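For reference, the structure is listed below as structure tokens.
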Amino acid sequence: MKCKLGLERCPDDILRCFPKIEQSFGVVIFGASGDLTKRKLIPALNRLFEAGILPDRFFVLGAARTNMDDEEFRSRFEAHPDFLRHCSYISVDYHNPESFKSLKNTIEGFMKRINSNNLVFYLAVPPDLYIPILENLSKAGLNRKPARVVIEKPFGKDLESARKLEDTLQKHFQEDQIFRIDHYLGKETVQNILVFRFANFIFEEIWNNKFVDHVQITMAEDIGVEHRAGYFENVGLLRDIFQNHMLQVFALIAMEPPSSFNGENFRNERVKLLRSIRPLPVKELENWIVRGQYGRGVVNGKEVPAYKEEPGVAEDSNVETFVAMKLFVDNWRWSGVPFYLRAGKRLCRKITEVAVVFKKIPHSIFAGVPSDELEPNTIVFTIQPNEGISLEFQVKRPCPGMFPQLLSMDFKYENYFGVKLPDAYERLLLDVILGDATLFMRRDDLEVSWELLDPVLKAWEDDPVRFSLNIYPAGTWGPKEADLLIERDGRKWRKL
Ligand SMILES: NC(=O)C1=CN([C@@H]2O[C@H](COP(=O)(O)OP(=O)(O)OC[C@H]3O[C@@H](n4cnc5c(N)ncnc54)[C@H](OP(=O)(O)O)[C@@H]3O)[C@@H](O)[C@H]2O)C=CC1
Ligand SMILES: O=C1O[C@H](COP(=O)(O)O)[C@@H](O)[C@H](O)[C@H]1O
């Protein structure tokens, strides 16, 4: 089938298929001296530039406390020299309204030059700076439409702080100006879950408790905390991954079909699903959730230190780098189907996948092959790396008897389309500039996920002895308690 552009096959650089932005625009990045700006934001904007999507007139203004000039700012990035000519830098004090007055003057100068008031503020700063920045933007009158503001996770520390942040956002900006980014929603393979489920008839019919035994979602990283200890020590893995990426992927796997793929319908269904998750029982939390922290170990053949030995981490840190949990969705479709989720740092390798594991056959007709020894059908969404979808099923081995063997029929994006998938930030920044919030979170997304996780965080904090960390050697699949979590139910984590 030809795509909307009339193409049979995708071009090598898929970004060339995205519509060119016609209107001039400006992006102001707070925290422009930081990690996210260097690793994700500037590279993404540069790729959009190189793909010819950006208009002739645009500006990127970096803002942070560090003193530096435009040249020094530009020299931090590996980017096209013509793109870098659009980038400048201004030093700001996030807490000082006077500083925002001079920021405003600078921005107005740029806006005159590009003859546009199409402006995006990107808050790439530690979360405790969001509120002062939002308030100072408002005091300076920089919150007027069509300005948009992008905020990064973690959206608060708990339900109360998330609500405070949301109240501040909504006091100074209207909902269509607010973009709460979860970069997992910008991943091509995460969006593909929707196409797989809702553009195929055969799978949706079996996507329920009559056919599905359980679902496993794994977000494993081989890296440790790296240079982000300052951030991670205040956050931990539950807030870093589960409150956002994990629950959003979970919602896409389990939600009902929206009547159309537009911002509100899609977001309504996502939130409806999140609201159907059964609250975790605090009294017997140990049976539902496991927290771990990496010790020393060997990852990819290299010896690595324990989390507590990483620079910037407290020697007695009680911060989790691994979480596994079991959830149920209390609705007609999923009643009785457990969802097992796990994520962690310094695990064996980087892999993110969702496996929908179907029930075993009820009876085996093959002599010597008991039905419960036949591995079940599984549909696997590999979100990264080697992005694709696999269907695991039994086939007859080519021998005289009737011996089944499990094999996997694999679709890999790279083999079929032969294209490099766009980075999530490329896609999402484009959407922000175009003002399309479909792939962004809403206030209720955040509140419902905090409602689920808040009691857990509180229980952990109130009783650190009962919920002490399970140390796992780096380079393994987490603590043995995580294995027990699923094995108690007669199931096993998939071997990845
Ligand atoms: N890095 C990543 O991979 C990801 C980051 N995020 C989120 O993006 C945001 C930015 O992350 P990241 O770039 O890693 O953050 P950084 O720790 O690199 O901080 C960004 C900038 O904020 C300023 N800053 C840092 N600490 C303070 C402070 N205590 N007071 C005032 N200013 C400070 C610094 O600039 P200066 O000193 O010049 O003012 C720094 O360059 C965070 O909310 C993070 O959660 C989300 C997903 C991934
Ligand atoms: O948001 C975050 O995500 C990264 C993992 O992202 P991925 O796209 O590489 O899967 C994680 O390392 C980081 O701790 C977290 O803040």
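The values are calculated or read from the model by the stated rules, or taken from the named source; none is laboratory data. All values derive from a computational prediction rather than experimental measurement. Please note: Cβ atoms are built from the backbone with ideal geometry, for glycine as well, and neighbour counts cover all protein chains shown.
Contact map, the range 349-361: first residue in contact (Cβ under 8 Å) with a residue 60 or more places away in the chain, second residue within 12 Å of ligand 2 (Cβ to nearest atom), Cβ cut-off under 6 Å, separation 6 or more or different chains; pairs are R349/D222; K350/E221; K350/D222; I351/A220; T352/M219; T352/I383; T352/Q384; E353/T218.
Has the range 165-180 got any residue that is at pLDDT 95 or above, within 13 Å of ligand 1 (Cβ to nearest atom), among the basic types (K, R) and closer than 25 Å to T438 by Cβ? Yes - at least one qualifying residue is present in the range 165-180. Here F110 clears all of (1) at negative phi; (2) at pLDDT 95 or above; (3) under 30 Å from the mean Cα position of the chain (by Cα); (4) not charged (D, E, K, R) except the condition numbered (3).
When the criteria are applied in full, W477 fails the requirement of being among the aromatic types (F, W, Y) and surrounded by fewer than 20 Cβ atoms within 10 Å (Cβ to Cβ).
Provide a single number: the residues in the range 20-32 that are surrounded by fewer than 22 Cβ atoms within 10 Å (Cβ to Cβ) and under 25 Å from the mean Cα position of the chain (by Cα). The total comes to 0. Based on this model, can you work out whether F211 counts as touching a strand residue (DSSP E or B) at 6+ places or on another chain (Cβ under 6 Å), within 16 Å of ligand 1 (Cβ to nearest atom) and either at pLDDT 95 or above or closer than 30 Å to T382 by Cβ (or both)? It is false that F211 is touching a strand residue (DSSP E or B) at 6+ places or on another chain (Cβ under 6 Å), within 16 Å of ligand 1 (Cβ to nearest atom) and either at pLDDT 95 or above or closer than 30 Å to T382 by Cβ (or both).
Taking first residues from the range 230-250 that are closer than 19 Å to L469 by Cα and partners that are within 13 Å of ligand 1 (Cβ to nearest atom) and among the small types (G, A, S), the Cβ contacts under 8 Å between residues at least 6 apart in sequence or on separate chains come to E233/G312. Checked against the criteria, N105 counts as free of Cβ contacts under 8 Å to residues at least 12 places away in the same chain, of a type in the set (S, T, N, Q) and in a helix (DSSP H, G or I).
Taking the criterion of being at pLDDT 95 or above and surrounded by 20 or more Cβ atoms within 10 Å (Cβ to Cβ), the residues of the range 147-157 that qualify are R148, V149, V150, I151. The number of residues in the range 345-387 being surrounded by 20 or more Cβ atoms within 10 Å (Cβ to Cβ) and on the phi > 0 side of the Ramachandran plot comes to 1. Screening F328 against (1) buried (at least 21 other Cβ atoms within 10 Å of the Cβ); (2) in contact with a Gly (Cβ under 9 Å, 6 or more places away or on another chain); (3) under 24 Å from K458 (Cβ atoms); (4) among the hydrophobic types (A, V, I, L, M, F, W, C) leaves a single unmet condition, (1). At least 2 residues being within 16 Å of ligand 2 (Cβ to nearest atom) is the threshold, and among the helices (runs of 4 or more DSSP H) wholly inside the range 216-280 those reaching it are 229-237, 247-254. The conditions of being assigned by the TED database to the domain that holds Y294, closer than 27 Å to I361 by Cβ and either modelled with pLDDT under 95 or of a type in the set (S, T, N, Q) (or both) are met by Q216. Within the range 451-493, the only residue that satisfies the criterion of being in contact with a Phe, Trp or Tyr (Cβ under 8 Å, 6 or more places away or on another chain) and more than 18 Å from G292 (Cβ to Cβ) is R491. For the range 12-53, a tally of residues being more than 12 Å from ligand 1 (Cβ to nearest atom) and in contact with a His (Cβ under 8 Å, 6 or more places away or on another chain) returns 3.
For every residue, the table says whether it meets (1) polar (S, T, N, Q); (2) surrounded by fewer than 18 Cβ atoms within 10 Å (Cβ to Cβ).
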{"residue": "L159", "(1), (2)": "no, no"}
{"residue": "A162", "(1), (2)": "no, no"}
{"residue": "Q170", "(1), (2)": "yes, yes"}
{"residue": "F179", "(1), (2)": "no, no"}
{"residue": "F198", "(1), (2)": "no, yes"}
{"residue": "V215", "(1), (2)": "no, no"}
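Look at the range 393-405: where a residue is within 12 Å of F366 (Cα to Cα) and a partner is in a strand (DSSP E or B) and of a type in the set (K, R), sitting 6+ places away or on another chain with Cβ atoms under 9 Å, you get M402/K396; F403/K396; P404/K396. Which one is nearest to G230 (Cα to Cα), of the residues in the range 94-116 that are in contact with a helix residue (DSSP H, G or I) (Cβ under 8 Å, 6 or more places away or on another chain) and surrounded by 17 or more Cβ atoms within 10 Å (Cβ to Cβ)? In this case the residue turns out to be Y94. Only one entry of A355, A306 meets the criterion of being more than 29 Å from K157 (Cβ to Cβ) and touching a Lys or Arg at 6+ places or on another chain (Cβ under 6 Å), and that entry is A355. Within this structure, T476 fails the test of being at pLDDT below 95 and of a type in the set (S, T, Y).
Only one of the listed residues (L484, L457) is part of a helix (DSSP H, G or I), assigned by the TED database to the domain that holds C348 and more than 25 Å from E226 (Cα to Cα). That residue is L484. Residues that are farther than 24 Å from E451 by Cβ, more than 16 Å from ligand 2 (Cβ to nearest atom) and small (G, A, S) do occur in the range 145-154, at least one of them.
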